[in-house]
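For reference, the structure is listed below as structure tokens.
Every read-out reported here was derived from the displayed coordinates using simple, explicitly stated rules and does not represent laboratory data. Computed from a prediction, not measured in an experiment: that's the story for all the values here. FYI the Cβ positions are ideal-geometry reconstructions off the backbone, even for glycines, and counts take in every protein chain you see.
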Amino acid sequence: MGELFIVSSPSGGGKTTLIRRVMQLLQGEGRNAYFSVSHTTRPPRPGERHGVDYYFVSREQFAAMVDRGEFLEYAEVHGNLYGTAWEEVAGKREAGWDVFLDIDVQGARQVRGKVPDAVKVFIFPPSYGELRRRLEARRQDVPETIRLRMRNALNEMREYGEFDYVIINDELEVATRHLYAIVTASRLRSQRMRGPVEKILDEYARHLKEEP
Ligand code: 5GP
């Protein structure tokens, strides 16, 4: 069974970049990691692709999925609906893949109830000025949207105590190493290591038995 990592931050906090970088490191080690693709009613930004960045759906399609119980979690964020389908998570984890969710704090709270062993990480921007600078540098949102996101960010950041880990994303290199450390440590917990450890124990015991 793979791990489920919930990574939350205010928008502009840098979590998508961080997750992508850590996934690259994991894949370099031959570990299977999957970045869950959410459904959203938000219109695509230039360059965003359906099925890669998000599944872009209408409010009606989204509501139908809610009715059919297809979401592990969903929430309204900055006026649009966002949700993680069970389908994105369950099969991959069963096949041993680590799954990363880039979701807001409301979604994180819902997952906590349904997947208690999920590892929850909160990414903090280093300051007000830096968050504003990052949102403006993306050139993806109109000033009104940026203002809304800056306001919502404070309430989101105040929820940090509900997470297992906090990373302050000041320097990308350092923050990447921190997230990588969390992911690695989570996978090395004794109950997670049961499979490979039992194999070593079996082999060891077999040798002892064969000794004269
Ligand atoms: P953006 O519109 O900038 O892509 O995302 C806005 C916010 O929605 C981000 O904080 C992001 O983490 C959150 N978000 C993206 N996908 C999901 C999801 O599936 N569920 C929830 N609850 N939040 C999501």
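Counting only alpha carbon atoms, the long axis of helix 128-138 and the longest principal axis of the chain meet at about 80°. Please report the antiparallel percentage of DSSP beta bridges with both residues in the chain, rounded to the nearest 5. Here the share of antiparallel DSSP bridges comes out near 30 percent. Where does helix 143-157 land angle-wise versus the long Cα axis of the chain, in degrees 0 to 90, nearest 10? Once rounded, the angle reads 40 degrees. Angle of helix 15-28 to the longest C-alpha principal axis of the chain, folded into 0 to 90 degrees and rounded to 10: 30°.
When peptides 183-190, 78-85, 96-103 are sorted by average Cβ neighbour count within 10 Å, with the highest value leading, the order is 96-103, 78-85, 183-190. Listed by chain and number, the aspartates and glutamates whose alpha-carbon sits under 20 Å from that of residue 209, ignoring those within fewer than 8 places in the same chain, are 198.
For the chain, a simple Cβ point-charge model (Lys and Arg +1, Asp and Glu -1, everything else neutral) yields a dipole of about 420 debye relative to the Cα centre. Across all Cα pairs in the chain, the calculated P(r) in 10 Å bins from zero up to the longest distance comes to 8, 31, 35, 16, 5, 3, 1, 0 percent per bin.
Which whole-number percent of Cα pairs in region 37-88 have a distance greater than 18 Å? Counting pairs separated by more than 18 Å, the tail of P(r) holds 22 percent. Counting neighbouring Cβ atoms within 10 Å and putting the fewest first, the residues 29, 211 line up as 211, 29.
List the pairs from 114/199; 92/114; 120/199 whose alpha-carbon separation is above 26 Å, in the order I gave them. Over 26 Å Cα-Cα: 114/199; 120/199. Ordering 23, 150 from the fewest to the most neighbouring beta carbons within 10 Å gives 150, 23. Per residue of the chain, the DSSP helices (runs of n ≥ 4 H) give a summed -39500 (n - 2.57) that works out to -15000 deg cm²/dmol at 222 nm.
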